[in-house]
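Written below as structure tokens is the structure these notes are about.
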Amino acid sequence: MQLGFCLYKYFPFGGLQRDFLRIALACQSRGHAIRVYVLEWEGEVPPGFDVIKVPVSAMLNHRLYAKFTRWVEADLARRPVDRVIGFNKMPGLDVYYAADPCYEEKARTMRKPLYRYSPRYRHFSAYERAVFAPESHTEILMISTTQQPLFKKHYGTPAKRFHLLPPGIAPDRRAPANATELRVAARARFASEFKLQNGDILLVQIGSDFMRKGLDRSIEAMASLPEPLKRRTRLIALGADDPAPFMSQAARLGVGERVFMPGGRKDVPDFLLAADLLLHPARHENTGTVLLEALVAGLPVLASAACGYAHYITDADAGSVVGEPFHQSAMNDTLAAMLSTPDALTCWQHNALVFADSADLYSLPERASDIIVGKRG
């Protein structure tokens, strides 16, 4: 079977991009041919993938995406595929992977009414409707229970077209048998790069789009720690984003020398083992895969309830969740309490590893592949 995958941008450190790659590889492992349409591709191309960089350009994103769609439609007319799978909302999809939240809900609750007269709104609203309207035949791969009611509210999408997937945590994120030794080695390797000393507390935050992920909230919470605790604490934020405004915030709050933003990294598993706590106080997050990556590595988590996967932290008793509506003071108090009780951190670590052994947190690519290749045209 020839499969056509569509996504606007691929880069190695994006959560949606990692999900795309693992799903496409799962389909390829079952004997299916993979063609990928993108505007941009950063990083290596897997063997056997036919990656097509669509040669269109525009000053505004919504115009660029419209040109992308027209070009892909024309190419598919010349060279048909058996299934078209989209990782961004667009017309003509057989299967859509719903990593993004409901655009219509955001447009109506987070924007002024005048916004809905803009060309940008008309484009993204039409593209979302093309996927979720009752008359559409697109099958929808859901990764969070929080968004399905919103799509049904705005579009009346039939329930039978939604397919809830289990999480898809990569096996290399699981804590290996020698995790303790690897933790010691990683912290030793990070010592000079991040001024990490024996006895220091290492906080990590992982994910691009720092503002949406709440990095400013993490920096403020760290800066609010009691002085003896603050002196021992380091925060490393990994992700592809502009660090300047957040480093300025850290400097302004007196913790500039304890906050590091080295960009995207390939050694994320080492950070999960080396750290003492993962911070993820996102403003909005459909899932928050990194919460589960931390959990299976045995790393306690402090997250916001805005994350779709936050309930797993509560289910596993592997950390704390700051409720919504979010209050910075609650985040500050929770972080201080968590770091002041080392025994609790150890208990949460144990609970996380037990949960990781018993829950299905891994089979998203295989289940998605089942639905993609099983869909009838």
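Bear in mind that the values in this text are calculations on the coordinates, not laboratory data. Just so you know, these numbers come straight off a predicted model, no measurement behind them. Cβ placement follows ideal geometry from the backbone for every residue including glycine, while neighbour counts extend to all protein chains displayed.
Find, among the trypsin sites (Lys or Arg not before Pro) in region 149-231, those assigned to loop by DSSP (not H, G, I, E, B) with at most 16 other beta-carbon atoms within 10 angstrom.
Numbers: sites: K152, K153, K160, R161, R173, R174, R183, R187, R189, K195, R212, K213, R217, K230, R231; in loops: R174, K195.
Here the sparse-neighbourhood loop sites are K195.
Would you work out which of G298, L339, L225 lies farthest towards the positive end of the dipole of region 171-358? Charges go on Cβ: Lys and Arg +1, Asp and Glu -1.
Selected residue: L225.
Which one, Q17, V322, A310, projects farthest toward the positive side of the charge dipole computed for the chain from Cβ point charges (K/R +1, D/E -1)?
My answer, from the dipole projection, is Q17.
Convert each backbone phi in region 288-301 into a coupling constant with the Karplus relation 6.51 cos²θ - 1.76 cosθ + 1.60 (shift: θ = phi - 60°), then list the ³J(HN,Hα) values in order as whole Hz, x for Gly and Pro.
x, 4, 4, 4, 6, 4, 5, 4, 6, 8, x, 9, x, 10
Binned at 5 Å from 0, what are the whole-percent values of the Cα-Cα distance distribution for region 50-105, short to long?
4, 16, 24, 28, 17, 9, 2, 0
For I52, which sequence-distant residues (separation of 5 or more, or a different chain) have an amide H within less than 5 Å of its own amide H, given hydrogens modelled in the peptide plane?
HN-HN under 5 Å from I52: V36, Y37, V38.
Pick from A223, A191, A33: which is most flexible by mean-square fluctuation in a GNM of the chain where alpha carbon atoms under 10 Å apart are linked?
For the chain, modelled as a Gaussian network with Cα springs under 10 Å, the answer is A191.
Which far-off residues, 5 or more places away or on another chain, put their amide H under 5 Å from the one on G319, with H placed in the peptide plane?
V301
How long is the gain from K67 to H163 if the chain were fully straight, where each residue apart is worth 0.36 nm and the alpha carbon distance is subtracted? Write down the numbers at each step before the final one.
Details: separation 96, 0.36 × 96 = 34.56 nm, distance 2.94 nm.
Net length gain for the segment: 31.6 nm.
Could you tell me what % of all Cα pairs in region 32-73 have separations over 15 Å? All intermediate terms of the calculation are to be shown ahead of the outcome.
Numbers: 396 of 861 pairs.
Of all Cα-Cα pairs in region 32-73, 46 percent lie more than 15 Å apart.
Where Rh denotes the Kirkwood radius from the mean inverse Cα pair distance, what is Rg over Rh for region 238-303?
Here the Rg-to-Rh quotient is 0.98.
Under a 10 Å cutoff between Cα atoms, tell me which one of A303, A318, A330 has the largest fluctuation in the Gaussian network model of the chain.
Looking only at A303, A318, A330, the largest GNM fluctuation is found for A330.
So how far apart, in nm, are the two label points at R231 and V354 if each is 7 Å from Cα heading toward Cβ?
Each label point is offset 7 Å from its Cα along the Cβ direction, giving 3.7 nm.
Under a point-charge model restricted to the Cβ atoms of Lys and Arg (+1) and Asp and Glu (-1), what is the dipole moment magnitude of the chain relative to its Cα centre, in debye to the nearest 20?
Magnitude of the dipole: close to 1320 debye.
For E135 and S57, what is the calculated FRET efficiency with R₀ set at 41 Å and r taken between the beta-carbons, to the nearest 0.05?
0.80
Using the Kirkwood radius over C-alpha pairs as Rh, can you work out the diffusion coefficient of region 85-124 via Stokes-Einstein at 25 °C, viscosity 0.890 mPa s, in µm² per second?
My calculation gives 215 µm²/s for D.
What is the log10 of I(q)/I(0) for the chain, computed with the Debye formula using one identical point scatterer on each Cα and no solvent, at q = 0.07, 0.10, 0.11 Å⁻¹?
Here log10 of I(q) over I(0) equals -0.33, -0.68, -0.82.
Tell me, what is the percent relative contact order of the chain, built from C-alpha pairs under 8 Å that lie six or more residues apart?
Here the relative contact order equals 16 percent.
Would you look at the GNM of the chain, springs on alpha carbons closer than 10 Å, and say which of A99, A126, A310 moves the most?
A126
Assign one of three labels to region 182-256, namely rounded, prolate or oblate, based on the Cα gyration tensor with a ≥ b ≥ c the square roots of its eigenvalues; rounded applies when a/c is under 1.5, prolate when it is not and a/b is larger than b/c, and oblate otherwise.
oblate
Take the cross-link list K53/K112; K53/K89; K53/K152; K106/K160; K152/K266; K9/K213 and give me the ones stretching past 29 Å between alpha-carbons.
Those over the limit are K53/K112; K53/K152; K152/K266.
At q = 0.10 Å⁻¹, what is the log10 ratio I(q)/I(0) for region 171-358, with the Debye formula run over Cα points and no solvent?
-0.34
If I histogram all Cα-Cα distances within region 143-222 using bins 5 Å wide from 0, what percent of pairs lands in each bin?
For region 143-222, the pair-distance distribution reads 3, 10, 12, 12, 15, 16, 11, 7, 6, 5, 4, 0.
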